[in-house]
Each structure stands twice: as structure tokens, then as C-alpha cells.
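Q: First, the structure itself, so that you have it in front of you.
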Amino acid sequence: MSDIELALDWTPNTNHSGIYVAQAEGYYDDAGLDVQIRSPGEDDYEQTPAKRAATGASTLAIAPSESALSYHTHPDYESLTAVAAVCQQDTSAIVALGDSDIDRPADLDGRTYASYDARFEDHIVEQLVRNDGGDGDIEITTPPKLGIWNTLVDGESDATWVFMPWEGVLAERDGIDLTPFYLDDYGVPYGYTPVMLARPDTIESRDEDLRRFLEATGRGYEFAAEQPAEAARILGETAEGPETLDDHDFLVESQRRLANNYLTADGAWGQMAAERWAAFVEWLADEDILTTIDGDHIPADEVDVADLYTNDLLD
């Protein structure tokens, strides 16, 4: 058996259902893999999943696509390459509480945004505000990552970034109205989120292990797309994490809203398009968001999109 450690981007949730299905249904065993699933809750998110992959502490990590860009342009860490898209559509949004007076992104000027402290995140949100006619003058706070949702609910922040099939459904369950701002609606061609990332040397040296892992994981996500209620049951019974995993009705509804986002129109899991990566890189560069860690502008033509992702392990 070959060992693989996958670092999750968040505590177990329906974004990860295909992984838990693959484990529970024996797909990984059939592939000769011993897969360890690591939640950031194990160390209270002291180290990001992308950093774990970049340092070799984990084989793979789940993260947003800009993490590939961040590590590709970071002088102190190994690069990361996206090897599969977990979801085909972006289901995330910047949200404010529905009973606030924030009705559009421009209303976030002068308000508090609870940030995950990702390298390009705050600048993306500021540009979202400017695209809606605001100044992009928001106050950034960085609470503990796993407590960010609570800062919004408790009124300690005015907005944050969430996945609508998870926190959005959670809010509905708890009777909390949200006002979501979807990035595509405001001229932000956001990339794939989340994706699975690995170091280029890992891709080269463990090519066959990763192929088997992605094939088995793809089977898990195909199962979740076709049988969302059963996938929700498996997630709730096998994953260890927040109390929300014990709420079967919540999991089923979350899974139902997410299921159509796992696969391409052709029914394939994980595939990524060069045009989508290029559009995101070009937008980041055009808005002067794509910079070195010292703040120097990086032109789009200095980034080879082909280095940021690969579909080769999905063939």
C-alpha cells in the first residue's frame, strides 16, 4: 500500500464528500492506497494546507486556485500545481448579514471584512468593491480562521467569504438571512475553487500513485453527484469534525445544492480549462493584484499558465 496524506482546506464538509465516499466504499483500498485525510482542525489551522503540501508535510492539499499562483511566485517555498478541480463552478460568495444595511459590494466601504489572510484575498475583495463603484476602502481583520463564520454571525465583522452550499445552508437552517455577492456578478473571473495541489517533484516522482488516487477520488465524486443523499450519509457517519456533521437533514440539503457542481458537462471529474486559468491570471495582473511578496507587479505574460495546472494525471 502506498501512503498519501491529503490536507483539507477546511474541517470536513460536503465539498469533501467524494473523498470520504472513496474511502468508505473502498476505492482507495482497491487502488492500493492508504489515504490519510488531515483536517486543519487538528492544529486549529496553524499551518495552511497549501503550505503543508509545499513543505512536503502532506502529499496533496485542497485550496483555492490562487494558492497555485501564490506558491508559483513565492521565493521561499516550492511551487504547487493544481492536479484536479474539486468543483467546476464557483459556489463561493462574499456575504453580509441580511439585516444589515449592506445591500451591495460598494456598501462595504468603511466596513470590516474578516479575512483568511490569503495572499491575494483582500485585494480581490477590495477590487470587487471598486467594480461596484466603491472605493475599496475596507477594514481587514484576521480572526482565527475556524472562527471567522462566528465573527459574522455575532456582528464582530460586517462581511466574509463563504461557500454558499455550506455556510449559506447553515445560515438558512439557523434562520439567519445573508446577502451574498457572487464574484462573477461583479466582473471578477474567479478561478477554480477548490482544487487539489501537489508539488511538481511529487507529481513527477509519484505519478502512478497520484493517478490512482485521482481516479478513485473521481469515482467518489461521481457517486456523490449521482447519489447526493447517500453521499451525505457517508460523510456524516465517517468524517470527524464539527457538530454540523451530525445534522443529517442539513448535510443532505447541502449535498443536494452542491452535487451538480462536481462534474463537467461531459460527466468528468477534475478537468480544468486553460482559458479559465488564463482569464483569472490576466484579471489579477490587470488589476495589479498579481504581485511578488514585496509588492512588485507581475505582468500576466510572465506567468506560464501551463505551470499552474495539469490534467495529465486525470487521463
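Readers should treat all values here as calculations from the given coordinates under stated rules, not as data from a laboratory. Being a predicted model, the structure only gives us computed values, none of them experimental. For neighbour counting, all protein chains shown are included, and Cβ atoms are generated from backbone atoms with ideal geometry for every residue, glycine included.
Q: So how do L8, L197 line up by other beta-carbon neighbours within 10 Å, fewest first?
A: On the way: L8 24, L197 30.
Ordered by Cβ neighbours within 10 Å, fewest first: L8, L197.
Q: Would you mind checking the radius of gyration and Dmax of the chain based on alpha-carbon positions, in Å?
A: 18.8, 56
Q: Counting residues in the stretch 173-315 as N, plug N into 2.2 N^0.38 Å and put the Cα Rg over that result. Spell out each step's value before the answer.
A: On the way: Rg = 18.6 Å, N = 143, 2.2 N^0.38 = 14.5 Å.
Cα-based Rg divided by the globular estimate yields 1.28.
Q: Over the chain, what is the percentage of antiparallel beta bridges among all DSSP beta bridges, to the nearest 5? Kindly include the intermediate steps, with their values, before the conclusion.
A: On the way: 18 of 32 bridges.
Roughly 55 percent of the beta bridges in the chain run antiparallel, per DSSP.
Q: At q = 0.12, 0.20, 0.23 Å⁻¹, what log₁₀ I(q)/I(0) does a Debye calculation on the Cα points of the stretch 4-62 give, no solvent, two decimals?
A: Debye curve over Cα of the stretch 4-62, log10 I(q)/I(0) at q = 0.12, 0.20, 0.23 Å⁻¹: -0.27, -0.73, -0.91.
Q: Treating only the Cβ of Lys, Arg, Asp and Glu as charged (+1, +1, -1, -1), what charge dipole size does the stretch 111-180 show about its Cα centre? Round to the nearest 20 debye.
A: Details: 5 positive and 15 negative charges, 45 e Å.
Using Cβ point charges on Lys, Arg, Asp and Glu, the stretch 111-180 gives about 220 debye.
Q: Treating only the Cβ atoms of Lys and Arg (+1) and Asp and Glu (-1) as charged, compute the dipole magnitude of the chain about its Cα centre; round to the nearest 20 debye. List each step's numbers first, then the result.
A: Numbers: 18 positive and 67 negative charges, 144 e Å.
Charge dipole, the chain, about its Cα centre: 680 debye, nearest 20.
Q: Still on this structure: Could you quote the convex hull projected area for the stretch 215-297, Cα atoms only and averaged over all directions, in nm²?
A: On the way: hull surface 33.5 nm².
If you wrap the Cα atoms of the stretch 215-297 in a convex hull and average its projections, you get 8.4 nm².
Q: Pick out which of I176, I289, I37 has the largest mean-square fluctuation in a Gaussian network model of the chain, springs linking Cα atoms closer than 10 Å.
A: It is I176.
Q: Over the stretch 28-146, what number does the Rg to Rh ratio reach, with both radii from the alpha-carbon atoms and Rh per Kirkwood? It would help to have the intermediate numbers written out before the result.
A: Numbers: Rg = 17.4 Å, Rh = 16.7 Å.
We get a ratio of 1.04 for the stretch 28-146.
Q: What Kirkwood Rh does the stretch 92-186 have if only Cα atoms enter the pairwise 1/r average? Answer in Å.
A: After inverting the pairwise mean of 1/r, the radius is 13.1 Å.
Q: If you don't mind, another one. Looking at L313, F181, P40, which one has the Cα that reaches farthest to the positive end of the dipole of the chain (charges on Cβ: Lys, Arg +1; Asp, Glu -1)?
A: Positive-end residue among those listed: L313.
Q: Among S100, V252, F213, which residue has its Cα furthest toward the positive end of the charge dipole of the chain, with +1 on Lys/Arg Cβ and -1 on Asp/Glu Cβ?
A: F213
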